[in-house]
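Down below is the structure, laid out as structure tokens.
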Amino acid sequence: MPVPASHILVFSLLLFSVGVLGVLTRRNAIVILMSIELMMNAANINFIAFSQRLQNMVGQVFSVFTIAVAAGEVAVGLAVVLALFRNRDTVYVDEVHVMKG
Amino acid sequence: MTLIGLLWTVPLFPVAGFLLNGLLGARFFPKKAVWVIACGAVLLSFLVSLGAVVALRDVGSLTPSPGAAVDARAHRVTLTLGSWMPMGRSADGSELSVDWSFALDPLSAVMLLVVTGVGFLIHVYSIGYMGHEPHPVFARFFAYLNLFMAMMLTLVLGASLPVVFVGWEGVGLCSYLLIGFYYDRMFDEKTRMSCADAGRKAFITNRIGDVGFILGMLLLFVNAGTLDIQGILAKTGTLGPGVCTAAALLLFFGACGKSAQIPLYVWLPDAMAGPTPVSALIHAATMVTAGVYVTCRMAPLYLKSPGAMLAVAVVGALTALFAASIGLAQNDIKKVLAYSTVSQLGYMMLAAGVGAFSAAIFHLMTHAFFKALLFLAAGSVIHAMSGEQDIRKMGGLDRHIPWTHATFVIATLAIAGIPPLAGFFSKDEILWAAFNQRPLGLLLWLVGAGTAGLTAFYMWRLYVLVFRGEERFDDEVRHHLHESPRSMIVPLAVLAVLAIAGGWVGIPEVAGFRNLLAGYLAPVLGAGEEAARAAPHAPLFEVVMMIVSTVIAAFGLVLGWVFYERRPEARVRLAESARGLYRLMVNKYYVDELYGKIVLAPYYALCRAAAWFDQWVVDGVVNAAGYVTLATSYTSVGFDTYVVDGLVNLAGYIVRGFSWVFRKVQTGIVQTYATAMIFGIFVLVSAYLLARGH
């Protein structure tokens with residue numbers, strides 16, 4: 001007996017919420033990137049859940065693409081954090097506020 | 001036309017001399033060249049005048065030419081040099097114009113010869129008198145003298161009133177310049193009057209008279225329609241008696257200023273501030289007689305108005321007596337002569353007023369001789385006394401300066417009216433004419449005769465105090481005492497001869513001679529004199545009157561001799577017993593003080609009021625306009641600053657306020673933005689869901 005979609009959705013909701021909280025509350029840029037990965041994976045889980053529920057492979061294919069794009073995104077994100085650290089000696093986002101009005 | 005055609009050069013020679021000496025003299029010419037030019041110019045004028053006057057004798061044979069009209073009946077030649085003020089056509093269609101025109105007739109001929117002749121002698125005299133002056137002053141003096149000669153000759157020759165007026169004002173200007181010649185010197189210590197002040201006084205007093213002259217001229221122009229003298233005189237018959245009287249009195253007022261008559265005589269005594277040759281030339285021989293000359297020139301006009309004639313006679317007689325009485329008590333040698341001049345001018349006016357115009361011109365001529373001589377001799381005395389003019393500090397000079405002494409005696413006897421010197425004949429003719437005047441004849445004669453006695457008295461007083469008695473000067477002056485140089489003595493001698501013989505041209509007919517001068521002047525003045533003559537000739541009576549006036553003159557001389565030489569203590573007693581009168585005379589009847597009170601004081605008050613008005617009202621209005629503008633400007637600036645700029649700034653402040661608020665949102669911290677975004681999504685989704693009805 002398959003796991004009902006609603007359970008999976010609740011799980012993905014929780015995962016997404018953890019990601020949001022992580023983005024909003026952590027100062028460390030790397031942790032924020034990791035939290036963003038959590039939210040993305042929550043979305044992937046939604047795709048998987050609906051793919052199973054609707055018996056449709058599109059969702060699974062979509063999530064594979066998403067993981068590939070996420071890999072690129074992380075590469076870029078880490079490169080930004082690395083450049084930031086080299087220039088500012090910090091990875092704490094609240095210390096980098098040159099856009100303050 | 002012989003030399004008459006060259007008449008216009010007569011005033012031009014002195015003008016040339018004035019320009020040469022005035023512009024170049026002080027800088028480029030040596031002193032000798034300056035006086036050669038100045039005297040040469042006047043000598044040329046004299047020679048041309050002489051030639052013209054000689055040519056005028058054959059006036060009948062002269063042919064008229066363009067610009068030179070000949071009037072054989074009046075012995076007149078009129079030269080027109082050009083139009084001066086063309087004025088278009090008059091109402092009756094004739095051409096109106098004031099021309100530069102000169103007229104030579106017996107009247108102007110006499111004046112011409114007196115002015116150029118005496119003027120030349122005085123120029124020569126000035127060479128010696130001004131010889132010790134340094135150069136710029138020397139050249140300036142001769143330049144002014146020449147300018148004066150030019151103006152005087154213009155006055156004498158002018159054939160229309162405006163031309164005469166040019167000369168009239170020109171001599172006034174020269175008189176001013178020469179009275180104030182030593183403009184940095186004090187003239188009268190007592191009244192703090194400088195020489196420049198004296199010049200100004202003369203000029204302003206003359207200006208007052210000139211107003212009368214101008215008004216008279218305009219009145220004649222309006223009524224006669226021309227300014228040409230002969231044109232006006234030809235029309236006097238058509239003018240009303242009121243116009244004639246008014247015009248004559250106005251012209252006479254001008255003559256009063258120039259010829260120093262009451263009430264405008266006050267300037268002449270102070271004109272003595274000028275150098276002595278100036279006093280001789282301008283203030284004795286020539287300029288001051290211009291009023292008499294113009295009065296005689298306008299004789300037909302005066303004869304139309306018995307009232308004006310009477311006024312002239314009365315003013316002349318009063319001036320004669322009044323000035324003579326002041327002359328009794330003066331102590332400045334030149335002041336005595338100045339009051340004497342005023343008195344003699346009064347005589348001339350008296351003659352003109354009673355219609356004896358040729359007698360007036362006769363006395364004018366003889367007076368020019370003997371009064372110029374007196375002044376020049378006085379100048380020689382002053383020169384010898386190192387500049388001293390107070391006769392109380394002279395005396396006994398006859399031994400030191402014999403030539404001056406001799407000529408002074410001659411002139412004194414001539415002015416006193418002792419026959420057969422010049423003054424006797426002219427004065428006697430005037431007295432005789434005055435006696436025949438109706439209705440005031442006897443009174444005028446008494447005043448004239450009394451004046452003659454006074455004249456003899458004060459002149460002998462002057463002579464005694466200067467030349468006789470003990471010497472009252474100090475050793476310093478005695479050391480420098482010297483007879484004047486020849487250039488001064490020669491003119492004195494020539495004038496002395498004229499003062500003796502000058503009267504012989506006018507010996508009255510009763511003595512068995514012909515009155516040459518009256519005969520010569522008859523073409524111009526004869527008709528008027530006939531008209532004015534009230535009494536027929538009475539030869540015996542005339543001789544009696546002659547003897548009487550001679551006795552009066554002799555009596556005056558003897559009285560002067562008694563009081564000042566023989567018994568000086570009697571004079572002191574007399575002065576003591578009539579102390580009030582004596583004080584009055586010494587102080588010149590306080591006329592200057594009176595004028596100061598009634599004329600100058602109100603005038604100064606008016607000036608102060610005008611100054612006050614100017615300062616407070618006129619300036620006040622101007623300043624008020626300024627203040628109003630200023631206040632408007634402040635208001636305008638305030639409106640601009642606070643209202644217009646305020647609105648503009650307000651817009652800016654509002655924008656800035658919003659900016660301030662919105663800027664706070666931009667924290668630069670990514671998590672704030674993320675929070676806002678999530679909150680926003682929450683709100684939007686909630687709203688969507690609520691709208692859907694869940």
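The values are calculated or read from the model by the stated rules, or taken from the named source; none is laboratory data. Computed from a predicted structure; not experimentally measured. Glycine gets a Cβ as well: all are built from the backbone with ideal geometry, and neighbour counts include every protein chain shown.
Points to keep in mind about this one:
- Checked against the criterion of being more than 14 Å from every other protein chain (Cβ to nearest Cβ), within 12 Å of the chain's Cα centre (by Cα) and crowded, with 16+ Cβ neighbours inside 10 Å, region A:18-34 has at least one qualifying residue.
- Qualifying positions in region B:44-87 - in a strand (DSSP E or B), aliphatic (A, V, I, L, M) and over 14 Å from B:Asp99 (Cα atoms): B:Val70, B:Val77
- Checked against (1) assigned to a loop (DSSP other than H, G, I, E, B); (2) hydrophobic (A, V, I, L, M, F, W, C); (3) free of Cβ contacts under 8 Å to residues at least 12 places away in the same chain, B:Val497 passes all but condition (1).
- B:Ala687 vs. criteria more than 13 Å from chain A (Cβ to nearest Cβ), among the small types (Gly, Ala, Ser) and either surrounded by 10 or more Cβ atoms within 10 Å (Cβ to Cβ) or not in a helix (DSSP H, G or I) (or both): yes
- Residues that are among the aromatic types (Phe, Trp, Tyr) and either without any contact (Cβ under 8 Å) to a residue 24 or more places away in the chain or not in a helix (DSSP H, G or I) (or both) within region B:302-321 are absent altogether.
- Filter pass, B:Tyr653 being of a type in the set (Ser, Thr, Tyr), within 26 Å of A:Met99 (Cα to Cα), in a helix (DSSP H, G or I) and modelled with pLDDT of 90 or more: yes
- Conditions (1) assigned to a loop (DSSP other than H, G, I, E, B); (2) under 26 Å from the mean Cα position of the chain (by Cα); (3) of a type in the set (A, V, I, L, M, F, W, C): number failed by B:Ile418: (2)
- Output for region A:4-23, where each listed residue is among the aromatic types (Phe, Trp, Tyr) and within 14 Å of A:Ile36 (Cα to Cα): A:Phe16
- Any chance B:Ser633 is of a type outside the set (Phe, Trp, Tyr), surrounded by 10 or more Cβ atoms within 10 Å (Cβ to Cβ) and away from chain A (no Cβ under 14 Å): yes
- Here A:Asn46 clears all of (1) crowded, with 16+ Cβ neighbours inside 10 Å; (2) within 14 Å of chain B (Cβ to nearest Cβ); (3) under 17 Å from the mean Cα position of the chain (by Cα); (4) not acidic (Asp, Glu) except the condition numbered (2).
- Filtered residue count, region B:285-301, keeping only those that are within 12 Å of the chain's Cα centre (by Cα) and either more than 21 Å from B:Pro106 (Cβ to Cβ) or in a helix (DSSP H, G or I) (or both): 5
- Considered as a group, the residues in region A:68-101 that are acidic (Asp, Glu) and more than 12 Å from chain B (Cβ to nearest Cβ) include one that is nearest to A:Ala43 (Cα to Cα), and that residue is A:Glu73.
- Look at (1) surrounded by 15 or more Cβ atoms within 10 Å (Cβ to Cβ); (2) over 20 Å from B:Tyr673 (Cβ atoms); (3) touching a Phe, Trp or Tyr at 6+ places or on another chain (Cβ under 9 Å) and you find that A:Met39 fails only one, number (2).
- Condition met for B:Ile179 (surrounded by 21 or more Cβ atoms within 10 Å (Cβ to Cβ), outside the structural domain of B:Gly40 (by TED's automatic domain parsing), β-branched (Val, Ile, Thr) and modelled with pLDDT under 95): yes
- Qualifying residue in region B:660-668 (condition: loosely packed, with under 10 Cβ neighbours inside 10 Å and within 14 Å of chain A (Cβ to nearest Cβ)): yes
- Residues satisfying the stated conditions in region B:551-590, i.e. at pLDDT below 85 and among the β-branched types (Val, Ile, Thr): B:Val572, B:Val586
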